[in-house]
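Only one structure is covered here, and it is reproduced in the block below.
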Amino acid sequence: MFQPVTPTGPPPGTPNGTKKTATIVLTVLVVVLALAAGLFLFLFLSERGAVADTNSQVTNTEQQIKDQKGKLSDTQSDAADLEQQGQDLQSTHDQFQACADAAKAALNASEAELSAAVDKMVDACPEGIGGT
């Protein structure tokens, strides 16, 4: 008996079937790779824009910090000046208080103590009080 022989090559009626399939596969692969390249390009450009925006925000924030440090320095200087003025005013107050206390003592002094009380008042009161 005869055994059927299987022919090699493409089946009859489909000439060059493997070339057509390979072309379709390669075309699909090229399209997929082109889409992937486009996607990566889009992502790269959008991230580059985001980085530029972030750098701009960092620069603005650094400038704001620098401005705030300048204002803080000015405020600290003003506070030191005000503290010195407060100390000066306290010293003046203490001098006037001593003068007022000596003046009250002179007003309440008896005739025998009056001369000594007036001398204390003159010593306690700074020059220039009352236009003298």
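Odds and ends about this structure:
- Contact annotation: residue pairs with Cβ atoms under 8 Å, 6 or more positions apart or on different chains, pairing a residue in region 97-115 that is surrounded by 13 or more Cβ atoms within 10 Å (Cβ to Cβ) with a partner that is of a type in the set (D, E, K, R) and in a helix (DSSP H, G or I), are Ala102/Lys120; Ala102/Asp123; Ala105/Lys120; Ala106/Lys120.
- Qualifying position, being over 48 Å from the mean Cα position of the chain (by Cα), part of a helix (DSSP H, G or I) and within 21 Å of Cys125 (Cβ to Cβ), among Ala106, Ala112: Ala106
Taken together, the values in this text are just the output of simple stated rules run on the coordinates, not laboratory data. Owing to the predicted nature of the structure, the values given are computational and were not obtained by experimental measurement. Virtual Cβ from ideal backbone geometry, glycine too; neighbours counted across all protein chains shown.
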